[in-house]
1. Please state which of the following conditions residue A:76 fails to meet, knowing it meets all the rest: (1) surrounded by 18 or more Cβ atoms within 10 Å (Cβ to Cβ); (2) in a helix (DSSP H, G or I); (3) in contact with a strand residue (DSSP E or B) (Cβ under 6 Å, 6 or more places away or on another chain).
2. Please find, among A:193, A:187, A:228, A:238, the residue that is crowded, with 20+ Cβ neighbours inside 10 Å, closer than 23 Å to residue A:275 by Cα and either away from chain B (no Cβ under 14 Å) or free of Cβ contacts under 8 Å to residues at least 60 places away in the same chain (or both).
3. Out of all the residues in segment A:218-264, which are farther than 21 Å from residue B:96 by Cα and in a loop (DSSP other than H, G, I, E, B)?
4. State all residues of segment B:36-76 that are more than 14 Å from every other protein chain (Cβ to nearest Cβ), surrounded by 15 or more Cβ atoms within 10 Å (Cβ to Cβ) and more than 19 Å from the chain's Cα centre (by Cα); if no residue qualifies, say none.
5. Within 14 Å of chain A (Cβ to nearest Cβ), without any contact (Cβ under 8 Å) to a residue 12 or more places away in the chain, farther than 19 Å from residue A:180 by Cβ and out of contact with any helix residue (DSSP H, G or I) (no Cβ under 6 Å at 6 or more places or on another chain) - does that describe any residue in segment B:8-15?
6. Filter segment A:196-225 for residues that are more than 27 Å from residue A:167 (Cβ to Cβ), away from chain B (no Cβ under 14 Å), crowded, with 21+ Cβ neighbours inside 10 Å and in contact with a helix residue (DSSP H, G or I) (Cβ under 7 Å, 6 or more places away or on another chain) and give the result.
7. Step by step: first the residues of segment A:51-65, then only those that are modelled with pLDDT of 95 or more and closer than 23 Å to residue A:142 by Cα, then the one that is farthest from the chain's Cα centre (by Cα). Which residue is that?
8. Inspect segment A:146-163 for any residue being within 11 Å of chain B (Cβ to nearest Cβ) and either assigned to a loop (DSSP other than H, G, I, E, B) or under 26 Å from residue A:37 (Cβ atoms) (or both) and give the result as yes or no.
């Protein structure tokens, strides 16, 4: 169990995390999503113990990650900025990993690398951006750490290897369940893989829901402008758009006081809203989106 | 096999629908064992918990039943139950559309009922 309480992190006075409180269950795949600069990477670095929180507390099975050997051996953070010794090749990097990670799977790493067409004789710094991401992710899977943190792991990978790697994560997880937190700008891409979504916005938790709840969080109402206008006060509006004579409102489903039949009878279409659209609307700066800028 | 991640139908609902279709097609039969959530997760490339939620829907609808430690099985009569529900849902949706259209065209209740009765008797095409 990972417990964050009022977690904050400031860089030179600017808050990257502004009081994150959440509890993450063990052995789930959790999607960490949010806009650019929302605080996703900072959060993962703190969970991995790479950064010390400015304030607040984080506990992984009652251990504080920063400067903690138990957490270090059971946790791995895969990110673009991972560095490996410049003078050792891939084979050597894999060899030394055995000493760090008690569950290290050397065979799995070799097989996956050979599938991905990465020779063990390569030097890490010589790999292309996509190849480096592939290597890093394979390294992360082979470590079989109880807490596996993946920060945008597919960056730079081509389409084919990307879907292979998603499949590899899933198969590894089914065979050897562990806590996996995966961050992404593209929720659509990881939706099939995850059980829960943690949406971060401006350094705070905006939503923390199961995927299913997220998909039922909002509904889209489309109808004649006048017909829709009278329902304005009947729900919490997340997004709206007017393209006369039609209008569109995305509202929080829970706050809607009318049922679907009543709306349909008023000639208002009721459509589901995807989880990624919910995230987009919840974290939007204005209720009209980009169109507001051109008003 | 793949679920449609672009669809607005949640993945777990798609899984439940797929199993219902397998029952309708007699590929899963009464008292036969159903795929486990882990098999479904591998088959459809989805999170096992999501697959599990698809199975739970069918458990709640009594389409499937659970044998402790053995897994889930198809209830006797599940196929008829699915057929019945689909019939009701499809017919109700069609009726709803007819009523809406009739209202738009200012067709009275009597006119509408007359029309349906005539249809039943085969008096109009």
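The values are calculated or read from the model by the stated rules, or taken from the named source; none is laboratory data. Predicted model only: the values in this text are computed from it and were never measured. Using ideal geometry, Cβ is built from the backbone for each residue, glycine included, and neighbour counts are taken over all protein chains shown.
1. (2)
2. Criteria check complete, one pass: A:238.
3. Residues satisfying the conditions are A:230, A:231, A:235, A:236, A:244, A:245, A:256, A:257.
4. Passing the criteria: only B:71.
5. Looking through segment B:8-15, at least one residue is within 14 Å of chain A (Cβ to nearest Cβ), without any contact (Cβ under 8 Å) to a residue 12 or more places away in the chain, farther than 19 Å from residue A:180 by Cβ and out of contact with any helix residue (DSSP H, G or I) (no Cβ under 6 Å at 6 or more places or on another chain).
6. Listed by number, the list holds a single entry, A:221.
7. Across segment A:51-65, the extreme among qualifying residues is A:65.
8. no
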